[in-house]
Amino acid sequence: MKLEISLFKFDSNSDYLPFYTKHFLKIKDEKNLLDILNTINKNAKFGYVNCEEFDLVVNGVYVKASITLTELVENFGKDLTIEPISIRRAYNDLLIDEKDFNERISILDEFLSDELRKKYQELKHYYYASNTLNFNTDYIGDAVLIIAQDLIENSNTKIKNKILLALSEVEISAQYHTSLKNRIYNLDSSVEEKIKKLQTTLRYYEETEKQNYRINTTLKLDFGEFQDDYEVKHDFKDFNIAYYSSSNESKYETLVNKLDAKMLNLDSLKLDLAKNTFNVNPKITYFVAYTILLDAFDNNADFLLVDTIEDFYIFDYNRKQFEKICGRDVLLPVIHINELQQLASGDHKTANKTLIKHQINPEII
């Protein structure tokens, strides 16, 4: 087996910008990612930690150096890009300055045992994997939220209230959390559950059906029902489609696969919109939505496809807010999966009833 590896390189003492070196590796005795790093290091020295618990990023996903070769190839293929867990804070190739991470836990100093301080260090990848840091580097961090929830669950009411007060006084706190689900390999589901509990206790969390994502209008759209029995009469072979999927419905994937369109494979399409804290902090939702729209636009998408009414409202009905926060309007149409089915089935009349009410009419009829 042969691997093609692009390895991140940066020396803060001599390099102005980071770069990547190419390595074509024929697998012999390597069993995991750490073995691969050690093999490369024999021929071309670089900065990393020779430990299976070492954190790094492969093809945009946060992993441990212990990940097996089989897992690597099955999940990421044979063309691998290896980067540090924070490019912004890299100082010697895959080694980073962890000062920001170590400072965040100070908010809980008076409540921490030596055991919890040690545990915090083991949660470093949760901190750096958060997409929220790309929005605001002052984010308190998911590692702090995890430790805080552990403390709350094992403390008396007085300590619990002090911890909650401390968190609520931090400007960029739990209301800015974005899901780690698609960012960390084999994410422990209990992590998101802990943060959700903390958000609920702080009264930040609200179910999506109770949210109002139509800040600038009272207009509601009815996209009808997705039809299980349909015939594709019009393909989309000349279209580039960016599909932001929230529902995980296989029937939607089936329709998409029948369209003969070019489906864009963008990392941004896996980002979390933080929909459950929109009521207290729409800014992070706007930032992520704008990031997704801009990435799709810059990659020549003809439209962004969504499969929930909530996502449609977020992307299409908040464009003025995007422009205020990000300084640029992205004139990319958004289409709901039911509209796409209607168009593909030739039911243009039904589709047009809602298409004309979009903030940007796709005008593809």
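Here are the numbers for this structure:
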| read-out | value |
| --- | --- |
| Residues satisfying the stated conditions in the range 8-34, i.e. surrounded by 17 or more Cβ atoms within 10 Å (Cβ to Cβ) and either part of a loop (DSSP other than H, G, I, E, B) or not assigned by TED's automatic domain parsing to the domain that holds LEU69 (or both) | PHE10, GLU30 |
| Residue within the range 182-189 that is at pLDDT below 95, part of a helix (DSSP H, G or I) and under 28 Å from VAL57 (Cβ atoms) present | yes |
| Check on ASN75, assigned by TED's automatic domain parsing to the domain that holds ASN13, within 18 Å of the chain's Cα centre (by Cα) and in a helix (DSSP H, G or I) | yes |
| Whichever residue in the range 108-142 is of a type in the set (A, V, I, L, M, F, W, C) and out of contact with any Ser or Thr (no Cβ under 9 Å at 6 or more places or on another chain) and, among such residues, is farthest from CYS51 (Cα to Cα) | LEU108 |
| Given (1) in a helix (DSSP H, G or I); (2) within 19 Å of ARG88 (Cα to Cα); (3) of a type outside the set (S, T, N, Q), index of the condition ILE140 fails | (1) |
| Any chance TYR213 is in contact with a helix residue (DSSP H, G or I) (Cβ under 7 Å, 6 or more places away or on another chain), among the aromatic types (Phe, Trp, Tyr), surrounded by 18 or more Cβ atoms within 10 Å (Cβ to Cβ) and outside any loop (DSSP other than H, G, I, E, B) | no |
| Residues being over 15 Å from the mean Cα position of the chain (by Cα), surrounded by 21 or more Cβ atoms within 10 Å (Cβ to Cβ) and not small (Gly, Ala, Ser) - total across the range 283-301 | 0 |
| Residue in the range 45-56 that is without any contact (Cβ under 8 Å) to a residue 24 or more places away in the chain, of a type in the set (S, T, N, Q), under 22 Å from ASN131 (Cβ atoms) and not assigned by TED's automatic domain parsing to the domain that holds GLU122 present | no |
| Which listed residue, of ASN265, ASN240, is of a type in the set (S, T, N, Q), farther than 30 Å from SER173 by Cβ and without any contact (Cβ under 8 Å) to a residue 12 or more places away in the chain | ASN265 |
| Residue match in the range 252-274 (condition: touching a strand residue (DSSP E or B) at 6+ places or on another chain (Cβ under 6 Å), in the same structural domain as PRO333 (by TED's automatic domain parsing), surrounded by 14 or more Cβ atoms within 10 Å (Cβ to Cβ) and under 27 Å from TYR205 (Cβ atoms)) | yes |
| GLU339 vs. criteria in contact (Cβ under 8 Å) with a residue 40 or more places away in the chain, buried (at least 24 other Cβ atoms within 10 Å of the Cβ) and in contact with a helix residue (DSSP H, G or I) (Cβ under 7 Å, 6 or more places away or on another chain) | yes |
| The range 47-100, residues that are surrounded by 14 or more Cβ atoms within 10 Å (Cβ to Cβ), within 25 Å of ASP29 (Cβ to Cβ) and polar (S, T, N, Q) | ASN59, SER66, ASN75, THR81 |
| Positions within the range 35-51 being part of a helix (DSSP H, G or I) and β-branched (Val, Ile, Thr), in sequence order | ILE36, THR39, ILE40 |
| Spans of helices (runs of 4 or more DSSP H) in the range 266-365 with at least 2 residues over 18 Å from ASP222 (Cβ atoms) | 282-298, 319-326 |
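The values are calculated or read from the model by the stated rules, or taken from the named source; none is laboratory data. Computed from a prediction, not measured in an experiment: that's the story for all the values here. Ideal geometry is used to build each Cβ from the backbone, glycine not excepted, and the neighbour counts take in all protein chains shown.
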